[in-house]
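*Asks:* Supplied in structure tokens, the structure appears directly below.
The values are calculated or read from the model by the stated rules, or taken from the named source; none is laboratory data. Not measured: the values here are computed from a predicted model. Here the Cβ is made from the backbone with ideal geometry for all residues, glycine too, and neighbour counts use every protein chain on show. For accessibility, only protein heavy atoms count, side chains too; no ligands or nucleic acids. Shrake-Rupley method; radii C 1.70, N 1.55, O 1.52, S 1.80 Å.
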Amino acid sequence: MKPLLLIVLATLAFSCSTTAPINSQTATEGGGSPTASANPNVIFEYAPQNVDSLITFEAFDAYENKYKSVPGFKSFAQSEGGAWAYVTNRDSQDIADLHVLKSCEKYNLKYTDSYPCKLINVSGKWLNYPKRALEILDSLPEFTPETPIDLSQLRSNTNKDMQNKDYAMALAKRVWFHQHALEVNEHYSAVRLSFGLMDWAELGKVYPPAKTLLRYLANYAKSTLMNKPKEAYSLIHEYVSINRVLERTDQSLSFFNWLDNHHPETAARNFHIFQDVLTQHEQFSLYNKYLNPNVDFSQMVSTYVWSKDARKRGVYGDTEKSQKMLEFDTKTFIYNVSRLVAILVINGRSAETENIIEKAKLELDSDEFITALNNAQGGKLPPS
């Protein structure tokens, strides 16, 4: 039960999709990319380089653990469609290049003609190509939404474009939504970074240029953050969200490690954004370094209590919808508390573990919660 989804559902309940436009500066402060209104396409001018150019986590893992340290003639290739391959220990570079392209194309049958495999690394040397994002943007149809702008309807129309296989138009709308949604409605930050990016990633599964633009977007965020990490909470959130839908959470972990080494105060301030990433990659010692169990638990309780109160007040509308929201929030509370307990146990913080468990049982009395807490006391993380 991801905390981000809780934020999204609350946002959908309270935001109006036809709010009058606000100024761009306010939208940026509300949680969007710090892009200049005069040149919104600046976010697509940062081509992924070196290991960042690897299109999947599996490709990255293979490069790191099976390719990088092997001496001799070798090559790595990939397609914009997602296929990739590598070869090592060949008699010459020409042979390595030939073999890897043939191997890659075996997995690229769907896109051989439109997105052929290309060499990206030869014997440890990375190859650079012209900026693909600008070429993609130039090929998209022009799109400007009708006024008054209805962001909810825009998302719906984009999904219809996908169903009709008008992928270029769907991508044009996805790009517009990401660049301008917060100028229309500053409360769309959570929607933009959740459903907005998930829709974009789904488009990328059937239309590779969409995934390519997402990868450029991630690299822009990373490049910007490396220059000004202390001033960019919203962009950190965006970077982690993009990496999540691209299934490159290793990039988020790498960035948090960099923050830990160079800007620990920024790492502490944004730790909650990286909790899922650290859990997924089992970085429990690093998690422990920034964990403040009493503060974290208090925030969990506050959110859960607010949800129960919201149900009583009918905040979510009809009874059925309110009940479903409470059920979701209850499962989120169970997940977050049991994860907190498990990580405390893993790191040997027994006194704090007992304190949290004692207080947690006062907030929720259910068999599911007791079972989750018992598992967590054994150091077992809850399923996400």
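*Asks:* If you scan region 247-256, which residues turn out to be open to solvent by less than 20 Å² (accessible area, probe 1.4 Å) and assigned to a loop (DSSP other than H, G, I, E, B)?
*Replies:* Of everything in region 247-256, just one residue is open to solvent by less than 20 Å² (accessible area, probe 1.4 Å) and assigned to a loop (DSSP other than H, G, I, E, B), namely R248.
*Asks:* Inside region 184-233, can you point out the residues that are in a helix (DSSP H, G or I) and of a type in the set (K, R)?
*Replies:* So in region 184-233, the residues in a helix (DSSP H, G or I) come out as 184, 186-193, 195-206, 208-227, 229-231, 233.
Passing the criteria: R192, K205, K211, R215, K222, K230.
*Asks:* I would also like to ask the following. Need pairs with beta-carbon distance below 6 Å; first residue within 18 Å of F284 (Cα to Cα) and within region 348-365, second assigned to a loop (DSSP other than H, G, I, E, B); sequence gap 6+ or separate chains.
*Replies:* Pairs that qualify, where the first residue is within 18 Å of F284 (Cα to Cα) and the partner is assigned to a loop (DSSP other than H, G, I, E, B): there are none.
A quick yes/no check of all residues on (1) surrounded by 22 or more Cβ atoms within 10 Å (Cβ to Cβ); (2) within 14 Å of the chain's Cα centre (by Cα); (3) more than 18 Å from Y46 (Cα to Cα):
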residue	(1), (2), (3)
F177	yes, no, yes
E183	no, no, yes
E186	no, no, yes
L193	yes, yes, yes
W200	yes, yes, yes
V206	no, no, yes
A210	yes, no, no
L217	yes, yes, no
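*Asks:* Would you check if I136 is out of contact with any Lys or Arg (no Cβ under 7 Å at 6 or more places or on another chain) and closer than 24 Å to L171 by Cα?
*Replies:* Numbers: out of contact with any Lys or Arg (no Cβ under 7 Å at 6 or more places or on another chain): yes; closer than 24 Å to L171 by Cα: yes.
It is true that I136 is out of contact with any Lys or Arg (no Cβ under 7 Å at 6 or more places or on another chain) and closer than 24 Å to L171 by Cα.
*Asks:* State all residues of region 294-346 that are open to solvent by 80 Å² or more (accessible area, probe 1.4 Å) and not charged (D, E, K, R); if no residue qualifies, say none.
*Replies:* Once the filter is applied, which keeps residues that are open to solvent by 80 Å² or more (accessible area, probe 1.4 Å) and not charged (D, E, K, R), region 294-346 yields Q299, W306, T319.
*Asks:* With the requirement that a residue be aromatic (F, W, Y) and either within 15 Å of R339 (Cα to Cα) or touching a residue at least 24 places away in the same chain (Cβ under 8 Å) (or both), what does region 233-270 give you? It would help to see each step written out before you state the result.
*Replies:* Let us first name the residues in region 233-270 that are aromatic (F, W, Y), namely 233, 239, 255-256, 258.
Y233, F255, F256, W258 - these are the residues of region 233-270 that are aromatic (F, W, Y) and either within 15 Å of R339 (Cα to Cα) or touching a residue at least 24 places away in the same chain (Cβ under 8 Å) (or both).
*Asks:* Given the conditions (1) hydrophobic (A, V, I, L, M, F, W, C); (2) in contact (Cβ under 8 Å) with a residue 60 or more places away in the chain; (3) under 26 Å from L253 (Cβ atoms); (4) open to solvent by less than 20 Å² (accessible area, probe 1.4 Å), report the number of the one that F60 does not fulfil.
*Replies:* The number of the failed condition is (4).
One line per residue, one yes/no per condition, for (1) modelled with pLDDT of 95 or more; (2) of a type in the set (A, V, I, L, M); (3) open to solvent by less than 20 Å² (accessible area, probe 1.4 Å):
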| residue | (1), (2), (3) |
| --- | --- |
| M226 | no, yes, no |
| L235 | no, yes, yes |
| S241 | yes, no, yes |
| V245 | yes, yes, no |
| W258 | yes, no, no |
| F274 | yes, no, yes |
| L278 | yes, yes, yes |
| Q283 | yes, no, no |
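*Asks:* Let me ask something else about it. Collect the residues in region 16-51 that are buried (at least 18 other Cβ atoms within 10 Å of the Cβ) and at pLDDT 90 or above, keeping them in residue-number order.
*Replies:* I43, F44, Y46, A47, P48
*Asks:* May I ask you to verify whether Y316 is touching a helix residue (DSSP H, G or I) at 6+ places or on another chain (Cβ under 7 Å) and assigned to a loop (DSSP other than H, G, I, E, B)?
*Replies:* yes
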